[in-house]
1. Taking the alpha-carbon distance from A:Lys33 and a cut-off under 19 Å, which aspartates and glutamates remain once sequence neighbours fewer than 8 residues away in the same chain are dropped?
2. Taking the Cα centre as origin and putting +1 on Lys and Arg beta-carbons and -1 on Asp and Glu beta-carbons, what dipole magnitude results for chain A, to the nearest 20 debye?
3. Which aspartates and glutamates have a Cα lying under 14 Å from the Cα of B:Lys145, excluding residues fewer than 8 positions away in the same chain?
4. So for each of B:166-175, B:115-124 I average, over its residues, the number of other beta carbons within 10 Å; can you give me the resulting order with the highest mean first?
5. By how many nm would the segment from B:Leu181 to B:Tyr133 lengthen if fully extended, with 0.36 nm per residue of separation less the alpha-carbon distance?
6. List B:Glu25, B:Glu179 from most exposed to least, where exposure is judged by having the fewest other Cβ atoms within 10 Å.
7. Less than 14 Å from a label point 7 Å out along the Cα-to-Cβ axis of A:Ile108: which backbone N atoms in segment A:50-74 qualify, by residue?
8. Let me confirm one metric for peptide A:30-38, namely the mean number of other chain beta-carbon atoms within 10 Å of its residues' beta-carbons.
Amino acid sequence: MKTISGVVVGLLLVAALFLFYRFDPETQPLFPKCPFLLVTGYQCPGCGSQRALHSLLHADIVGALKQNAFMVVAIPYIFLGIYLQYLGGRRRNPELERIFYGRWSAIILLVVIFAYWVLRNLL
Amino acid sequence: MNRYFYIDTEGKQKGTFSPEELLQEHVKRDTLVWTQGMEQWRRADEVEELKFLFNNSSGFNRTAYPDQAGPYPPQTAQYAADSYRPMPRTWLVESILVTILPFILCSSFLSLLGIIGIVYAAQVESFYNRGDYAAAAESSRSAGKWTKIAMWIAIGWLLLIVIAIILFIIFVGSLAGLEELITT
């Protein structure tokens, strides 16, 4: 059961990455739009992350940083979390979990998200 | 006496061993073990029959029952269960993931649920370190609840997006047919 769901999630991930590589969220209407931006006119912390992902997959790091700098940093962080939680990283590298997914890192993460949210709309 | 499989540090399954043999295998508290009749793999220190493996570090059994290899008297097992309780699952990694991942799906409202999860998850360790086991377990339950709620809504949202994309493709396809209808 665990391996089956692992395979399914893995396939979905590859399919999603292919979609983000092949199509540009900027011009294609297929991709979901941010409801927060539509309603308020302000960007949420995640706005631009699909475009940033597209740019990253095309090795355009500068473009990705402009579209959503937070996501550029967050994507490796997400993969680290997936490794720790689902690929046995917790047992092999417990010190990584303590540093990056400990109590204080969670609080710092929340502060960074809110700071990015406010600053990107002010600047 | 049951015979156990366990998962070693490399992630390989090994077995079978009797509880006494597990002692030789240097099984740790958080090593996952399985034996017939168990629904899933569990931490070794959660299995009643294996609890004695971890009492030695306290020195209690060594001194009290130096030569005894068999099952310990019930009051000893009780003592071990009270003195060591593993930290409840913190849910920190999962709750952080369900906070960040929705940003990519343009469903940042889900991140609010994830943040509730993070707040509870961060409390688990504080309460546990303070020795308040009941409060830690309660926070762990809440963290798990909010994380799971966020996760299931995210899965539902993902399905909606996939359905929307399929419908859109069918819609565009039908438009192409319409054009043909007009021109001919």
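Where a number appears in this text, it was derived from the coordinates with a stated rule and is not lab data. Source: prediction; values computed, not measured. Every residue, glycine among them, receives a Cβ derived from its backbone with ideal geometry; neighbour counts consider all protein chains shown.
1. Within the straight-line cut-off, A:Lys33 pairs with A:Asp24.
2. 340 debye
3. Reachable aspartates and glutamates: B:Glu94.
4. B:115-124, B:166-175
5. 10.1 nm
6. Ranking B:Glu25, B:Glu179 by Cβ neighbours within 10 Å, fewest first, gives B:Glu179, B:Glu25.
7. Those under the cut-off are A:74.
8. 4
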